[in-house]
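The values are calculated or read from the model by the stated rules, or taken from the named source; none is laboratory data. As the structure is a prediction and not an experimental result, all values here were calculated from the model. Neighbour counts are summed over all protein chains in view; Cβ atoms, including those assigned to glycine, are modelled from backbone coordinates with ideal geometry.
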Amino acid sequence: MRKMAFAILALACIAAQSPLHAASSRTDQMLKLSPETRLEQRCDARAMGSVGREHKGYKPDEFVAYAFADPVIRGNQIKAPGGAIRSGGKWYKLSYVCETTPDGLDVKSFAYQLGTEVPRSEWDEHYLVPR
């Protein structure tokens with residue numbers, strides 16, 4: 001009985017550490033990226049998450065920050081005036097301004113504007129791929 005209790009306790013400890021380990025692993029992976037790439041990745045993820053949460057029926061699965069204009073990075077801030085986000089097999093224009101902490105891991109401020117659907121005839125020209 002005592003061995004069983006110890007085994008259950010050991011498994012509980014391992015299970016409790018798994019989310020922490022996963023978060024630590026994600027952080028380690030992000031820190032391997034260049035600061036600019038880390039900033040863009042973090043802010044692109046925020047854009048997708050915000051659209052998915054704030055716009056009913058949208059389930060973003062891809063974002064291209066440079067579709068219509070190149071992003072501009074200054075320090076810990078990125079402006080992506082010509083991005084595009086894919087949801088439900090369709091692409092929509094999206095622009096954002098995002099600032100992260102100096103390590104690029106946490107978003108300090110984020111504002112975006114979701115635009116119109118991008119016609120299929122323009123996808124190739126703007127590096128937008130079908131689902």
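Summary of values
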| item | result |
| --- | --- |
| Qualifying positions in segment 110-131 - hydroxyl-bearing (Ser, Thr, Tyr), assigned to a strand (DSSP E or B) and surrounded by 11 or more Cβ atoms within 10 Å (Cβ to Cβ) | Tyr112 |
| So Ser50, is it within 28 Å of Thr27 (Cα to Cα) and either not in a helix (DSSP H, G or I) or not hydrophobic (A, V, I, L, M, F, W, C) (or both) | yes |
| Unique residue being buried (at least 19 other Cβ atoms within 10 Å of the Cβ), under 16 Å from the mean Cα position of the chain (by Cα) and among the basic types (Lys, Arg) when the list is Arg86, Arg38, Arg26 | Arg86 |
| Options Gly52, Gly75; residue that is in the same structural domain as Asp106 (by TED's automatic domain parsing) and within 22 Å of Pro130 (Cα to Cα) | Gly52 |
| Count - residues of segment 90-109 that are within 25 Å of Thr27 (Cα to Cα), of a type outside the set (Lys, Arg) and assigned to a strand (DSSP E or B) | 7 |
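This table checks each residue for (1) modelled with pLDDT under 95; (2) under 14 Å from Asp44 (Cα atoms); (3) not assigned by TED's automatic domain parsing to the domain that holds Ile78.
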{"site": "Trp91", "(1), (2), (3)": "no, no, no"}
{"site": "Cys98", "(1), (2), (3)": "no, yes, no"}
{"site": "Asp103", "(1), (2), (3)": "yes, no, no"}
{"site": "Ala111", "(1), (2), (3)": "no, yes, no"}
{"site": "Pro119", "(1), (2), (3)": "no, no, no"}
{"site": "Glu122", "(1), (2), (3)": "no, no, no"}
{"site": "Arg131", "(1), (2), (3)": "yes, no, yes"}
